[in-house]
Amino acid sequence: MNDFIPKVIEKHLSPALVTSFKSIAGGCINDTLKVSTTEGPYFLKWNRSSLYEMFRTESTGLNLLDELSPISSPHVFGLGKIDDKSYLLTNWIEKGTPESGFWENFGKSLAIQHKESARLFGLDHNNFIGSLKQCNRQHTKWTDFFINERLAPQINLARSSNLIESSIQSKFDKLFQKLENLIPTEKPSFLHGDLWSGNFMISDTGKAAIYDPAVHYGHRETELAFTHLFGGFSPDFYKYYNEEYPIEPGFDDRIEIHNLYPLLVHVNLFGNSYLTGVIQTLNRFT
């Protein structure tokens, strides 16, 4: 590994030289480092070379966030393969303390991002959520996109691993028939796609920075619902989001439906301990 790090820096940041590096805790998929150089600090993440596509689509997602979102995100300096490793190199974002009005700024900024729209739900390329492939095949109707490109692939993956039974599939089939009446119609919104408390930080500017995207154009309620799943967002975040871009009444009752997708992702990544929430939601709505 010691040869790998200077090779990456030399390839993308020459004449910068590595002065030190330190492992960063928190990632459950990739190896991560803070790399200090003569030109300043950078963030490096890597995995085996066969996972290059995961880093390539993450790089594209970060570039789209930089273009379409007012919220800060890492700038990509390097992407590639060296030896038996694939990697992504970005600037280092230093942790800071929240500015006055942090949650107001974050909530309104996400609302502004969600006003970025497109003709279709999905994206012109597929990407990943965590280490799982995420299909972004485009649809004119959100319910078709949610069923066919989000829920069905995760259900099929879980069934192939014997993580869920056919009775759960039957309940999903019943839910699918009701979705159009349960979820309000919205135009596609540009989403981060994996926005939970572990994928944002307070930077040294005092504002939020977001990373590890799974970008696509989707229903903005799915993004807001995911922020509720593991907590970590102040009530002010939702208050100011709603001031900037009001959501339809009854959202609190729809959160569980939207969170079926991240829960199924967690079932497939981490096991059926996450299945309880899926079953509770299915029982409630079917």
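Couple of notes before you dig in:
- For segment 122-150 and segment 11-49, distance of Cα centres in Å: 31
- Solvent-accessible ranking of 125, 228, largest area first, probe 1.4 Å: 228, 125
- Inter-part distance where segment 257-286 and segment 173-237 are each reduced to a Cα centre, Å: 16
- Selected from 74, 246, 153 as most flexible by GNM, with the chain as the system and alpha-carbon contacts under 10 Å: 246
- Bridge type composition, the chain - antiparallel percent by DSSP, nearest 5: 95
- Remark: segment 164-180, residue by residue, has Karplus-estimated 3J(HN,Hα) of 9, 9, 5, 5, 6, 4, 4, 5, 4, 4, 5, 4, 4, 5, 9, 4, 4 Hz, where x stands for each Gly or Pro and the curve is 6.51 cos²θ - 1.76 cosθ + 1.60 at θ = phi - 60°.
- Stokes-Einstein diffusion coefficient of segment 158-286, Kirkwood radius over Cα pairs, 37 °C, 0.692 mPa s, in µm²/s: 204
- Nearest-ten-degree value, helix 102-114 long axis tilted from longest Cα axis of the chain: 70
- Of all accessible heavy-atom area on the chain, the percent that carbon and sulfur account for (1.4 Å): 47
- With the biggest extent put first, the Cα atoms of the chain measure 60, 46, 34 Å across the principal axes.
- Taking amide H as placed 1.01 Å from N in the peptide plane, residue 21 has its amide H under 5 Å from the amide H of 36, each at least 5 places away in sequence or on another chain.
- Taking 24 Å as the straight-line reach from the Cα of residue 22, the lysines in range (excluding those fewer than 8 positions away in the same chain) are 7, 11, 34, 45, 81, 85, 95.
- Of every Cα-Cα pair in segment 1-117, the percent that sits beyond 26 Å: 28
- In this structure, the amide hydrogen of residue 73, modeled 1.01 Å from its nitrogen in the peptide plane, lies closer than 5 angstrom to those of 210, counting only residues at least 5 positions away or on a different chain.
- Build a GNM of the chain with springs between Cα atoms under 10 Å apart, and of 113, 138, 169 the one that fluctuates most is 169.
- q = 0.14 Å⁻¹, segment 125-186: log10 I(q)/I(0) [Debye, one scatterer per Cα]: -0.46
- Karplus (6.51, -1.76, 1.60) ³J(HN,Hα), θ = phi - 60°, over segment 58-74, in Hz, Gly and Pro reported as x: 5, 4, 4, x, 5, 5, 5, 4, 4, 7, 10, 10, x, 8, 5, 8, x
- HN-Hα J in Hz across segment 191-203 - Karplus 6.51, -1.76, 1.60, θ = phi - 60°, x for Gly and Pro: 10, 4, x, 8, 8, 10, 4, x, 10, 9, 8, 8, 8
- For segment 69-173: accessible area per residue (Å², 1.4 Å): 47
- Most mobile of 163, 224, 62 in a GNM of the chain (Cα contacts under 10 Å): 163
The values are calculated or read from the model by the stated rules, or taken from the named source; none is laboratory data. Predicted model only: the values in this text are computed from it and were never measured. Heads up: the accessible areas ignore ligands, DNA and RNA and are worked out on the full protein's heavy atoms, side chains in. Shrake-Rupley method; radii C 1.70, N 1.55, O 1.52, S 1.80 Å.
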